[in-house]
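The structure appears right after this line, and notes come after that.
The values are calculated or read from the model by the stated rules, or taken from the named source; none is laboratory data. Nothing here was measured: the structure is a model prediction, and the numbers come from that model. Quick reminder, even Gly has a Cβ in these numbers, built from the backbone with ideal geometry, and neighbours come from all protein chains shown. With ligands, DNA and RNA removed, areas are computed over all heavy atoms of the protein, side chains included. Shrake-Rupley method; radii C 1.70, N 1.55, O 1.52, S 1.80 Å.
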Amino acid sequence: MLIIPDIHGRTFWKDAVEGRETEKIIFLGDYTDPYTYEGVDIWEGLQSLREVIAFKKSYSDNVVLLLGNHDLSYISNRLPRCRHDYENHDEIKSLIKENISLFDILHEERVGNRRVLFSHAGILPDWLKKNEMIFGKIKHGEEVKHVNRMFHDGNIYGPLGDVSMYRGGRLATGSCVWADIDEFINIMPEHLPGYFQVFGHSQMPEPMITDWFACLDCHTAFTLDDNFQFTQR
């Protein structure tokens, strides 16, 4: 399978997907809000979102689109904004809302005998526990279905906006679209028993791959093969 971490208007994903359209392709979110110091114009975030949605519609059975904190900030005032494209806000909001059925928050795949959980920033059990009054009791192994169902019912925008002290917030734990890599480094594994997690969100020069998670926000795509090897494309 092919994994596409944070795009932010960059075009690396186009070369990565060429010729792989029949494979499973998982986008980890954050299509919008470029880093202008990289030479990517702000409008290119909007264009990336348009193109990713069109790609999903062309290869709907193979392509998974997850939402990141930047994307979600356009459709809910309950999520913090950072590097927000106010000029194109209305169009980005309409694009996501009109195509919301194409997106999820979490995704799961089986790779060999391992359950692999994909999200934008990684999911921590303390975040689920903190919001138990909203989520209810989630049967272990059903986290993906439960969270996605509640998202599409419009019931978890508040919890998705949880930001920890590691990211300038006031909470101990961030949400699955806001958690920082240091929150994973500083807790004892396994953070979510039975899963290997794959996420982006925390930008770094090289991927961080451990026995229980992979953080891949490195401006490049990755393949994950049946032998559980990650390879930069």
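Of note:
- Taking only Cα atoms of segment 1-87, radius of gyration then Dmax in Å: 13.0, 39
- Residues of the chain: accessible area per residue with a 1.4 Å probe, Å²: 46
- Taking every DSSP beta bridge that has both ends in the chain, the antiparallel portion is near 45%.
- Residues whose amide H comes within less than 5 Å of that of D104, counting only those at least five positions distant or on another chain, are L65, L66, L67 (H built at 1.01 Å from N in the peptide plane).
- Most mobile of N113, N62, N131 in a GNM of the chain (Cα contacts under 10 Å): N113
- Across segment 35-83, counting alpha-carbon atoms alone, Rg and Dmax equal 12.8, 36 Å.
- 3J(HN,Hα) from dihedral phi, segment 109-123, Karplus parametrisation 6.51/-1.76/1.60, rounded to Hz, x for glycine, proline: 9, 9, 10, x, 9, 10, 8, 10, 9, 9, 7, 6, 10, x, 10
- Per-pair calculated FRET efficiency, R0 = 35 Å: E87 and W212 via Cβ, rounded to 0.05: 0.30
- Just the protein heavy atoms count here, and of the accessible area of the chain at 1.4 Å, carbon and sulfur take up 46 percent.
- Computed label-point distance, nm, for sites Q47 and R149 using a 7 Å Cα→Cβ extension: 4.2
- In the chain, the alpha-carbon atoms span a convex hull of 119 Å³ per residue.
- Using θ = phi - 60° and Karplus 6.51 cos²θ - 1.76 cosθ + 1.60, couplings along segment 69-75 (whole Hz; Gly, Pro as x): 4, 5, 4, 5, 5, 7, 10
- Among the listed pairs K14/K137; K97/K129; K14/K139; K57/K130; K57/K145; K56/K130, those with a Cα-Cα distance over 32 Å are K14/K137; K14/K139; K57/K130; K56/K130.
- Under a Gaussian network description of the chain, with springs only between Cα atoms under 10 Å, the residue in P205, P125, P159 that fluctuates furthest is P205.
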